[in-house]
2 protein chains.
Amino acid sequence: MGPAATVDLMQKVIDATPARNDQDHIPLIVWNVPQIPERLAAIAGDGPSPVPAMREGAIWLARAGAEAFAIACNTAHYWSAEIEDAARLPLLHIADAALSALRSRQLPPDKVMLLATTGTRRARFYDDRFRRAGCDLHLPGESDQDRISAAILSVKAGDDVRARELLFPVMTRLQAEGVDAFVLGCTEIPLIVRNSPFEAQSIDANAALAHAIVDFSLRRSHAVTDAAQHGNQMA
Amino acid sequence: MGPAATVDLMQKVIDATPARNDQDHIPLIVWNVPQIPERLAAIAGDGPSPVPAMREGAIWLARAGAEAFAIACNTAHYWSAEIEDAARLPLLHIADAALSALRSRQLPPDKVMLLATTGTRRARFYDDRFRRAGCDLHLPGESDQDRISAAILSVKAGDDVRARELLFPVMTRLQAEGVDAFVLGCTEIPLIVRNSPFEAQSIDANAALAHAIVDFSLRRSHAVTDAAQHGNQMA
């Protein structure tokens with residue numbers, strides 16, 4: 001996928017880690033190989049599948065000793081079950097991470113809306129996972145989605161001013177219509193929303209995924225420590 | 001090593017890559033496992049060697065298909081030959097990358113000084129490699145080194161103001177004494193020098209390493225393309 005999203009996720013893992021020194025940081029093995037077929041075209045049936053390349057990466061992570069894996073691309077979660085099967089590793093799913101982040105809020109929101117690419121919308125995994133967990137996820141209408149997609153392209157092209165001009169009026173109107181939380185299911189949208197009044201009502205799915213990675217790793221190392229201590233007590 | 005230096009290097013690889021889309025970016029496999037013994041203590045003879053852990057990582061990179069490797073930590077280059085032997089992969093050496101960056105300047109400097117941690121100084125690979133290439137590398141005196149080390153610690157502690165107060169008077173005086181270029185052989189120092197008047201006279205070794213990675217990868221993929229085209233012409 002795009003390497004910027006991988007670097008963004010790694011930085012957010014560092015930011016979310018309670019570390020006093022290098023050794024406290026989360027061990028990460030990273031397969032950052034963007035030479036894989038376009039995800040959006042594949043979902044639309046217009047191009048080759050990225051699954052073989054993603055499987056290869058996930059299998060390598062498992063062989064190298066990974067105990068779980070995460071995917072730093074929302075759209076690519078469309079194929080998450082196939083990759084999980086191939087790697088025989090648990091996936092820390094970005095939609096589950098976003099849902100946990102939403103639930104940890106003091107006042108869980110009533111009306112939650114997904115801001116994402118058309119590819120992620122079409123992939124439907126956010127809606128499915130939120131619905132199964134009893135949370136209805138709303139989607140923007142078509143003309144709003146066009147502006148959101150254009151805002152994402154503006155960020156990719158480095159035009160943050162244009163991105164804000166496109167996105168903020170849409171978010172303002174959606175809030176007026178009763179939306180009280182946004183799930184930012186795209187790695188570019190948090191860059192637009194950062195330091196804006198919308199930040200407090202928004203869940204950055206990539207940041208939520210970073211927290212899920214840190215939580216998994218800390219629980220895992222505590223489990224190992226507890227087992228070792230228990231072993232010592234028994235000996 | 002420290003995960004922040006790895007993320008910094010990856011971001012600089014992205015910045016240095018002439019990419020029009022995701023697929024144009026450099027494929028990177030990253031072993032970011034900071035649970036390895038302290039490098040500085042090991043060089044001083046006060047702690048266990050980090051070599052077994054670094055070897056394990058490098059061997060995994062080779063097995064996963066890496067064609068060359070780089071180390072996102074200046075000090076750890078102390079053991080570069082042992083890691084290179086174990087991985088049987090060419091190392092893109094950070095001191096060679098800094099030397100190339102220095103030479104690509106319009107006016108190659110006369111008097112070059114290394115700003116680094118005491119561990120990197122003690123490791124001596126910058127001096128050795130620069131001398132072999134016919135470039136004398138100067139080192140700061142002891143009291144200057146103490147201020148440089150304190151500035152690095154200030155950045156690590158998040159106090160950029162204090163870091164500048166410590167480092168800039170030293171650099172100003174060194175320039176007055178005839179130093180006309182600085183090699184920033186530490187991933188923290190570029191964060192202090194960034195956007196300062198010293199930036200134009202400084203080589204960021206981590207940025208130079210990122211350029212070396214991009215150059216290697218582009219030469220490699222051109223070589224593959226040329227061979228394929230040649231094969232087609234012969235067929």
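The values are calculated or read from the model by the stated rules, or taken from the named source; none is laboratory data. Values in this document were obtained by computation on a predicted structure and should not be read as measured data. Heads up, the Cβs are rebuilt from the backbone with ideal geometry, glycines too, and the neighbour counts pull from every protein chain shown. For accessibility, only protein heavy atoms count, side chains too; no ligands or nucleic acids. Shrake-Rupley method; radii C 1.70, N 1.55, O 1.52, S 1.80 Å.
Tally time: how many residues in the stretch A:85-102 are under 16 Å from the mean Cα position of the chain (by Cα) and either farther than 18 Å from residue A:36 by Cβ or in contact (Cβ under 8 Å) with a residue 24 or more places away in the chain (or both)?
The total comes to 12.
Of everything in the stretch B:17-73 that's among the β-branched types (Val, Ile, Thr) and within 9 Å of chain A (Cβ to nearest Cβ), which residue is surrounded by the fewest Cβ atoms within 10 Å (Cβ to Cβ)?
Looking at the filtered set, the residue picked out is B:17.
Would you confirm whether any residue within the stretch A:86-97 is within 11 Å of chain B (Cβ to nearest Cβ), of a type outside the set (A, V, I, L, M) and surrounded by fewer than 14 Cβ atoms within 10 Å (Cβ to Cβ)?
Among the residues of the stretch A:86-97, not one is within 11 Å of chain B (Cβ to nearest Cβ), of a type outside the set (A, V, I, L, M) and surrounded by fewer than 14 Cβ atoms within 10 Å (Cβ to Cβ), which makes the answer no.
Going by what's in this entry, would residue A:164 be described as among the basic types (Lys, Arg) and in contact with an Asp or Glu (Cβ under 9 Å, 6 or more places away or on another chain)?
no
State the number of residues belonging to the stretch A:103-112 that are in contact (Cβ under 8 Å) with a residue 60 or more places away in the chain and surrounded by fewer than 18 Cβ atoms within 10 Å (Cβ to Cβ).
Total satisfying the criteria: 4.
For the stretch B:154-184, name all the residues that are closer than 19 Å to residue B:108 by Cα and not in a helix (DSSP H, G or I).
Result: B:177, B:178, B:179, B:180, B:181, B:182, B:183, B:184.
Being open to solvent by 70 Å² or more (accessible area, probe 1.4 Å) and either at pLDDT 95 or above or on the phi > 0 side of the Ramachandran plot (or both) narrows it down to one of A:219, A:132, A:173, so name that one.
Just a single option satisfies the conditions, and that option is A:173.
Restricting to the stretch B:195-222, and then to whatever is charged (D, E, K, R) and within 22 Å of residue B:71 (Cα to Cα), can you tell me which residue is nearest to the chain's Cα centre (by Cα)?
B:204
Scanning for something surrounded by 17 or more Cβ atoms within 10 Å (Cβ to Cβ), in contact with a Lys or Arg (Cβ under 6 Å, 6 or more places away or on another chain) and within 14 Å of chain A (Cβ to nearest Cβ), does the stretch B:76-83 turn up at least one residue?
Looking through the stretch B:76-83, at least one residue is surrounded by 17 or more Cβ atoms within 10 Å (Cβ to Cβ), in contact with a Lys or Arg (Cβ under 6 Å, 6 or more places away or on another chain) and within 14 Å of chain A (Cβ to nearest Cβ).
Residue B:11 - would you say it is open to solvent by 30 Å² or more (accessible area, probe 1.4 Å), of a type in the set (S, T, N, Q) and either more than 10 Å from chain A (Cβ to nearest Cβ) or in a helix (DSSP H, G or I) (or both)?
Judged against the criteria, residue B:11 is a match.
Of the conditions (1) closer than 24 Å to residue A:21 by Cβ; (2) open to solvent by less than 30 Å² (accessible area, probe 1.4 Å); (3) modelled with pLDDT of 95 or more, residue B:155 fails just one. Which one is it?
The failed condition is (3).
Out of curiosity, is residue B:143 in contact with a helix residue (DSSP H, G or I) (Cβ under 6 Å, 6 or more places away or on another chain), without any contact (Cβ under 8 Å) to a residue 24 or more places away in the chain, surrounded by fewer than 21 Cβ atoms within 10 Å (Cβ to Cβ) and not basic (Lys, Arg)?
In short, no.
With free of Cβ contacts under 8 Å to residues at least 40 places away in the same chain and either aliphatic (A, V, I, L, M) or open to solvent by less than 20 Å² (accessible area, probe 1.4 Å) (or both) as the only criterion, which of A:116, A:163 stands out?
When all the criteria are applied, what remains is A:163.
Is there any pair linking a residue in the stretch B:180-199 that is open to solvent by less than 10 Å² (accessible area, probe 1.4 Å) to one that is acidic (Asp, Glu), with Cβ under 6 Å and at least six apart or on different chains, and which?
B:184/B:204; B:193/B:199
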